[in-house]
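Working notes, beginning with the structure itself.
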Amino acid sequence: MAAQKKWPVVLMASTLFAGLLAGCGNNNNNASPSASGAASTPSSSASESASPEAVKPITFSYYSEDPNPNWANMQDETGKVITEKTGVTLDAEFAVGDPGQKSALIATSGKYPDLISAKNSISKFVDAGAVIDLTDLIDQYGPNIKKVYGDQLKRLRYSNEDQAIYVLPSYAGVNQTYFEAGGGFSLQHRVVKELGYPKMRTVQDFENALKQYLAKHPTDDKGNKNIGISLNADDWHMYISVTNPAFATTGGADDGEYNIDVDTNKVTYHFLRPAEKEYFRWLNHMNAEGLLDKESFVQKYDQYKAKVASGRVLGLIDQLWDYADGEKALKAEGKMDYAYGHYPVTLDETYKDTSFWPTGFMAGNGLSISKTNPDPVAAIKFLDYLASDEGQVLLNWGIEGKHYTVENGKRVMIPEVNDRRINDATNFAKESGIGFYNLLSAHYGDGVKDPTDNYYTLKNPEQLTTDYSDVEKEVLKAYGATIWKDLFPKEDEFKIKPWGAAWNIPVPTDSEVTVLDEKLKNITWKMIPKAILAKPAEFDAIWDDYVAQLEKAGVHKAEELRGELVAERVKLWNE
């Protein structure tokens, strides 16, 4: 990701950010912690559950680049069971602000957390000698880790020159199938319902719907102005809500700030693609029409989420995980009509939405053990338990009898618990901890079933439809769909990318591309908003100035260096 995880729904994903850590909770202690999935997993063995030896209490310091505002110091229900099973407690610290800057400071400090979860900064820690090679530890103490990664274990190698394993990839599940369409363009259900479920395929369709609805309902029931589209441009969210949609609506895959031709591997700074200029011209037009929130480029993230929670924002161009807190607030108030549907909108019908363009298993970003960790063996055994069948069920489903039951061999969330998980998500997350620990170790992807023929995760077609409100089901039915993914182009419509996703490729800290990328980012983050907010007659001149600045800053050199990294990744993963 340029920050992403970015997309899918891809992307990340994918998946970035905190929203990235999903969660849940319920703080009663009626069920015994030992009930953590025993009836729904096969009988324990050395390759499935914690070591039979007595667990010894140990606290590991833990740093994560992804924030988790609901973290409860492992005093949530799931965390308590993990500690009972492994003896491990985490003393956690989460990045605030720019995670890359925070990670750089830690990497150069010489004082390292025991466990490090990095997205795009692993090279900083490797180059500083801060993390250890996990190869032997996995071989000796990680049977479940090896089982999860399976034939993808070779993708854990760091580089062609250094084939050590420094990271347990955890930002994507193994054998992942994405079912949740959390990207695309989002539109409140009340809009499409009132307009008779209009076609929603192009930016023009999206624009027409907003115009027609606002003409009828310029204000909410309190007299506050309704808003057509609001963008989230606060810090790294700029990637997710403002710049990534430019390639997604014009047929480009999510490869960070670069477009890579799947046939030739040619690398282009994606903003230089002519089609993307036209996408930003459309945003400029939307601003001129008064359909774009005037505060899009000045509001903070909390203000953006609060605006979503107000119900006044009809449309969003964003990832669900980025605005989920605002939508959850609406659902908690029973305003299901104000929640959002997801549509595969593109610049015009010559393009197809690329949210589900497959990447294969995404190694590269995840959990590392630092060289100053006091007990690497205890650490890897802890991570191996999380990767076991028992651990996977616990992390994703919670505790049997408290969060789920097994009925006729089928694992089912208790209805009252599931209602809280969906409609009181923040409090439930703090109490249950469900979903808090997925970034800590190897884990299976959505769509994978355990030996009992139950899904490991809650993101599967059956659970998604269970989670939908009646309003959402009504809208989906009107569009001839069961889940939102049904509306989007499918994985098999795209060619396999042998490099996975370029944003996932580690960049050596001494590479010139690091400096070039920062220059290009600064120019882009200044000029894209300027182009969007300009008078339409000024757009082309501003865009020409933008391109000239990129070329002066060395954009073509950056493309060349990125191309070398892509070639190395293709060799590493495919030989």
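The values are calculated or read from the model by the stated rules, or taken from the named source; none is laboratory data. Owing to the predicted nature of the structure, the values given are computational and were not obtained by experimental measurement. Neighbour counts are summed over all protein chains in view; Cβ atoms, including those assigned to glycine, are modelled from backbone coordinates with ideal geometry.
I'd like the residue in the range 86-104 that is polar (S, T, N, Q) and part of a helix (DSSP H, G or I) and, out of all such residues, is farthest from the chain's Cα centre (by Cα).
THR86
Say we look at the range 398-428 and pick out the residues that are assigned to a helix (DSSP H, G or I) and touching a Gly at 6+ places or on another chain (Cβ under 7 Å); which of these is farthest from VAL55 (Cα to Cα)?
ASN427
What number of residues within the range 510-533 satisfy the criterion of being among the acidic types (Asp, Glu) and crowded, with 16+ Cβ neighbours inside 10 Å?
Count: 1.
Which fully enclosed helices (runs of 4 or more DSSP H) of the range 121-224 have 3 or more residues being among the aliphatic types (A, V, I, L, M) and out of contact with any strand residue (DSSP E or B) (no Cβ under 6 Å at 6 or more places or on another chain)?
In the range 121-224, the matching helices (runs of 4 or more DSSP H) lie at 203-216.
Select from the range 429-482 the residues that are out of contact with any Gly (no Cβ under 8 Å at 6 or more places or on another chain), among the charged types (D, E, K, R) and over 11 Å from PHE179 (Cβ atoms) and list them in ascending order.
Within the range 429-482, LYS449, ASP450, ASP467, ASP470, LYS473, GLU474, LYS477 meet the criteria.
Do we find that TRP499 is hydrophobic (A, V, I, L, M, F, W, C), out of contact with any strand residue (DSSP E or B) (no Cβ under 6 Å at 6 or more places or on another chain) and either under 30 Å from MET413 (Cα atoms) or part of a loop (DSSP other than H, G, I, E, B) (or both) in this structure?
So TRP499 passes the test.
Which one is surrounded by the fewest Cβ atoms within 10 Å (Cβ to Cβ), of the residues in the range 169-191 that are touching a helix residue (DSSP H, G or I) at 6+ places or on another chain (Cβ under 6 Å) and hydrophobic (A, V, I, L, M, F, W, C)?
Among them, the one singled out is PHE179.
Could you tell me which residue of the range 331-366 is farthest from VAL475 (Cα to Cα), considering only residues that are in a helix (DSSP H, G or I) and modelled with pLDDT under 95?
ALA332
Say we look at the range 443-484 and pick out the residues that are modelled with pLDDT of 95 or more, out of contact with any strand residue (DSSP E or B) (no Cβ under 8 Å at 6 or more places or on another chain) and in a helix (DSSP H, G or I); which of these is surrounded by the fewest Cβ atoms within 10 Å (Cβ to Cβ)?
Looking at residues that are modelled with pLDDT of 95 or more, out of contact with any strand residue (DSSP E or B) (no Cβ under 8 Å at 6 or more places or on another chain) and in a helix (DSSP H, G or I), I get ASP470.
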